[in-house]
Amino acid sequence: MKSTRRALKILPLLGILLLLAGCLYDNPPTGPSRSIDTWLVGQWQTKAKAGHPYSAVVAPTTASDHYRVTFSRPGSNTQEFDGWISRVDGFSILVLKSLDGSGTRGTGVDGGTGKYLLCHYELLAPGTPPPGGIGAERIRLSELQLDESTRTLDSFKLRAAIRTALKEGTLLAPFDTVAERKGKLESIPGSLIWTKTGSVTLEGETF
């Protein structure tokens, strides 16, 4: 059940990836490499740079290693994604597969059903708590910084490109994790911070 809890928390993050003006890939680096991470399960909210609010719900599926992510914003259609955690040389990647041809409209990326978004997620320290309360959980979702030429690579060559970027230290945009965890949040290219706003219930258990 612990793995199920972790998986439920991942789904809301998928919508974050779409807010990034990044790449959609023809293939994922790998299939699921581990069970879901329940830290990602729940209801989440963020704002794009233009100030528009977005919300997402991350929930587990009948499979122990997949998420179903629902992404939405006021006044637009809901978008659905299948998600899982992939690993390349021990580096975890959140893979989001579009289940809706409209899933990328208005997000700055071209593509549709069957395309993949690749991201890295990081659990941040809780936000400032309200009086007498507890700070909400936060997650930063960062798009992988791969060259556009990698969009159409098969899985084998895509993994090779990811390994190269890892070795060169270019796979993620640079940021100061320590400073951010102390509350000094700065704008990071290809990255958004989501705040948990609610829970998800699965088979009578709330996460």
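Results, tabulated for the structure shown:
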{"read-out": "Residue that is within 21 Å of P126 (Cβ to Cβ) and either modelled with pLDDT of 90 or more or not charged (D, E, K, R) (or both), where the choices are V69, V41", "value": "V41"}
{"read-out": "Qualifying residue in the stretch 94-101 (condition: more than 17 Å from G190 (Cα to Cα), touching a helix residue (DSSP H, G or I) at 6+ places or on another chain (Cβ under 8 Å) and either at pLDDT 85 or above or part of a strand (DSSP E or B) (or both))", "value": "no"}
{"read-out": "Of residues in the stretch 136-153 being out of contact with any helix residue (DSSP H, G or I) (no Cβ under 7 Å at 6 or more places or on another chain) and over 21 Å from G114 (Cα atoms), the one modelled with the lowest pLDDT", "value": "A136"}
{"read-out": "Count of residues meeting criterion [within 19 Å of L192 (Cβ to Cβ) and either modelled with pLDDT of 85 or more or loosely packed, with under 10 Cβ neighbours inside 10 Å (or both)] in the stretch 125-135", "value": "1"}
{"read-out": "Contacts under 9 angstrom Cβ, first residue in the stretch 162-173 being over 13 Å from S142 (Cβ atoms), partner at pLDDT below 95 and aromatic (F, W, Y), 6 or more apart", "value": "I162/F91; R163/F91; L166/F91"}
{"read-out": "Scan of the stretch 136-159 for residues that are loosely packed, with under 13 Cβ neighbours inside 10 Å and small (G, A, S), ordered by number", "value": "S149"}
{"read-out": "Those residues of the stretch 44-69 which are assigned to a strand (DSSP E or B) and buried (at least 19 other Cβ atoms within 10 Å of the Cβ), in sequence order", "value": "W44, T46, Y54, S55, A56, V57, V58, A59, P60, Y67, R68, V69"}
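The values are calculated or read from the model by the stated rules, or taken from the named source; none is laboratory data. Please read these numbers as outputs of a predicted model, since none were measured by experiment. Every residue, glycine among them, receives a Cβ derived from its backbone with ideal geometry; neighbour counts consider all protein chains shown.
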